[in-house]
Amino acid sequence: MLTCVIRYQIDPTKKAEFQQYARNWGQAIPRCGADLIGYYAPHEGSTTLAYGIYNVQSLAHYEEYRATLANDPLGRENYEFAMREKFILREDRTFLTLASTPHAKP
């Protein structure tokens, strides 16, 4: 299992637009085959950092998921929304594996 962490730098004056973007991915991502953990918008501290986090089985599965997402009507619409509104200033994607297993029992 891989966890994809997307780090966004967003325009702090367009937080509402990012939140709409996040809600749209909340519908499209699970439908297209990834296990969405969540999208996170700034609340306290930095006003420009936001995150999207989801799991995929492998990089091969990720490629299949991305192709499905590209053909999804809401996925295409959401991408176009981000391009049109320009609330994302930078986007970095990292794939991580869980290193802390097994978790200790309390």
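For this structure, a couple of remarks:
- Taking every alpha-carbon pair under 8 Å whose residues sit at least 6 apart, the chain reaches a relative contact order of 45 percent.
- Kyte-Doolittle at least 0.0, axis length at least 30 Å by Cα - qualifying DSSP helices, the chain: none
- Note on Lys86: lysines with a C-alpha under 30 Å away, same-chain residues under 8 apart excluded, are Lys14, Lys15.
- The orientation-averaged projected area of the convex hull spanned by the Cα atoms of region 1-96 comes to 5.7 nm².
- Glu77, Glu85, Glu44, ranked by accessible area, largest first (probe 1.4 Å): Glu44, Glu77, Glu85
- Near-label residues of region 4-32 by backbone N, under 19 Å of a point 7 Å along Cα→Cβ of Ala67: 29-32
The values are calculated or read from the model by the stated rules, or taken from the named source; none is laboratory data. Bear in mind the structure is a predicted one, so any value in this text is a computation, not a measurement. All Cβ positions, even for glycine, are placed from backbone atoms using ideal geometry, and neighbour counts span all protein chains on display. Heads up: the accessible areas ignore ligands, DNA and RNA and are worked out on the full protein's heavy atoms, side chains in. Shrake-Rupley method; radii C 1.70, N 1.55, O 1.52, S 1.80 Å.
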